[in-house]
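Q: After the structure tokens below, expect a handful of questions from me.
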Amino acid sequence: MNRLAKEEVLPTLKELLKRIEQGEKDVLAYQKDALKQVIEQYGTKERPMSAYMSLENWLIEQHEKPIEIKSAMLWGGLWMMEKMGCIDFDKMRVLYGEFMSQKMNLR
């Protein structure tokens, strides 16, 4: 079976949910809930990592903000990503370290 085109994924998931709700397909309740969550989240334009990169780019352009403010804002964004399960603590430290070393001209 070939992969679906990106624009076909959401309608296919919605059709599957419709068939589940009509009783044509049997799934467990948690599977149905997971499918609903995927459908809801699939429509969001910003994915967590792209949102983080937007924050990082914006902070790079903010020349008037002190480094302490940039650091706090960046760590907050990384903390959210970690709590969402997108990255682990080690990845947080790496991303933070890369940004801070760039801002402090250590590279």
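The values are calculated or read from the model by the stated rules, or taken from the named source; none is laboratory data. Computed from a predicted model, the values in this text were never measured in an experiment. Cβ: placed from backbone, ideal geometry, glycine included. Neighbour counts: every protein chain shown. For the accessible areas, the whole protein counts, side chains as well, though only heavy atoms, and no ligand, DNA or RNA atoms are used. Shrake-Rupley method; radii C 1.70, N 1.55, O 1.52, S 1.80 Å.
Q: Tilt of helix 48-61 relative to the longest C-alpha principal axis of the chain, in degrees (0 to 90, nearest 10)?
A: In the chain, helix 48-61 runs at an angle near 20 degrees to the longest axis.
Q: Please list, in order, the residues from segment 1-25 whose amide nitrogen is less than 18 Å from a point placed 7 Å along the Cα→Cβ vector of residue 31.
A: From segment 1-25, the list is 12-25.
Q: For residue 25, list long-range residues whose amide hydrogen, built 1.01 Å from N in the peptide plane, is under 5 Å from its own amide hydrogen.
A: 20
Q: Turning to a different aspect of this structure: Using only Cα atoms, tell me the angle between helix 89-103 and the longest principal axis of the chain; keep it within 0 to 90° and round to the nearest 10.
A: Value to nearest ten degrees: 40.
Q: I need the GluC sites (Glu not before Pro) found in segment 1-73, filtered to DSSP loop residues with at most 10 other beta carbons within 10 Å of theirs.
A: Passing both the DSSP loop test and the Cβ count: 24, 46, 64.
Q: For segment 1-81, please report how many Lys pairs fall under 20 Å Cα to Cα, leaving out neighbours fewer than 8 apart on the same chain.
A: For segment 1-81, the number of qualifying lysine pairs is 12.
Q: State in Å² the accessible area per residue of the chain; use a 1.4 Å probe, count heavy atoms of protein chains only, and round to the nearest integer.
A: Ligands and nucleic acids excluded, the result is 77 Å² per residue.
Q: Also, quick follow-up: If R0 is 25 Å, what FRET efficiency do you get for residue 5 and residue 40 from their C-beta distance, rounded to 0.05?
A: 0.75
Q: At 1.4 Å probe size, with the rest of the protein present, what percent of the exposed accessible area of the chain is carbon and sulfur atoms?
A: Result for the chain: 55 percent of the exposed heavy-atom area is carbon or sulfur.
Q: Then there's this: In nm, to one decimal, how far is the modelled label at residue 71 from the one at residue 98, with both set 7 Å along Cα→Cβ?
A: 2.0 nm
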